[in-house]
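A.B. asks: Handing you this structure, nothing more for now.
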Amino acid sequence: MSLDVSPELLSAAEAGPVREEDFVDTIRTSLPYAYDLVAALAAELKGGKAEFTDNQTPPPSERERGQLLRALASDAIRGSLERHFGVTLAFQNCHRVAAFRPGAQDDETYRRFTSTRAQVLNQSAELRDC
């Protein structure tokens with residue numbers, strides 16, 4: 001799964017730095033499932049008092065799963081989404097994405113969520129091939 005980069009954005013990248021707003025718009029149109037999921041988690045986090053919000057519902061198809069994996073596996077995409085929505089993202093498996101408040105990497109809840117123990121406990125046979 002690749003981003004659908006417009007000729008204008010490609011030209012801009014060839015000439016120099018890319019505006020983050022343009023890159024985020026490319027993410028939004030190329031990976032709509034991933035973008036919308038992160039947007040929903042960020043909105044839920046900002047609207048409440050919880051330390052984090054997370055998604056535990058598998059994507060509806062392999063296409064959406066691919067979008068999610070692509071977005072979170074790329075440092076550039078993930079970082080742009082974090083800056084755009086003002087969150088810190090954590091990813092446990094093929095669909096469990098969590099949005100934390102910025103700076104959460106130093107908090108116990110974040111460290112627990114991203115720990116090897118949490119990774120092991122969050123496994124199941126049906127997720128083996130996701």
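The values are calculated or read from the model by the stated rules, or taken from the named source; none is laboratory data. Worth saying up front: this structure is predicted, and the values here are computed from it rather than measured. All Cβ positions, even for glycine, are placed from backbone atoms using ideal geometry, and neighbour counts span all protein chains on display. Accessible surface areas use protein heavy atoms only, side chains included; no ligands, DNA or RNA. Shrake-Rupley method; radii C 1.70, N 1.55, O 1.52, S 1.80 Å.
A.B. asks: If amide hydrogens are placed 1.01 Å from N in the peptide plane, which non-local residues have theirs closer than 5 Å to the one on residue 88?
C.D. replies: Counting only residues 5 or more places away or on other chains, the set is 100, 101.
A.B. asks: Across 10 Å bins from the origin, how do the percents of Cα pairs in the stretch 1-78 run, short distances first?
C.D. replies: In order of increasing distance, the bins hold 17, 43, 29, 10, 1 percent.
A.B. asks: What spacing in nm lies between the two simple spin-label points modelled at residue 15 and residue 51, each 7 Å away from Cα in the Cβ direction?
C.D. replies: Taking the two extended label points, one gets 4.7 nm.
A.B. asks: Work out the length of the dipole vector of the chain about its Cα centre, built from +1 on the beta-carbon of each Lys and Arg and -1 on the beta-carbon of each Asp and Glu, and round it to the nearest 20 debye.
C.D. replies: Dipole magnitude for the chain comes out near 460 debye.
A.B. asks: Rank 30, 61, 115 by mean-square fluctuation in a GNM of the chain with C-alpha springs under 10 angstrom and give only the top-ranked residue.
C.D. replies: 61
A.B. asks: Is any residue of the stretch 26-45 close enough, with backbone N under 13 Å, to a label point placed 7 angstrom from the Cα of residue 74 along the Cα-Cβ axis, and if so, which?
C.D. replies: Counting only backbone N, you get 26-35.
A.B. asks: In the set [x] 15.4, 48; [y] 14.1, 44; [z] 14.0, 41, which value of Rg and Dmax of the Cα atoms in Å was calculated from the structure you see?
C.D. replies: It is the value labelled [x].
A.B. asks: Something else now. Rolling a 1.4 Å sphere over the protein heavy atoms, what is the accessible area per residue of the stretch 1-97, to the nearest Å²?
C.D. replies: Accessible area per residue: 54 Å².
A.B. asks: Under a 10 Å cutoff between Cα atoms, tell me which one of 36, 22, 106 has the largest fluctuation in the Gaussian network model of the chain.
C.D. replies: 106
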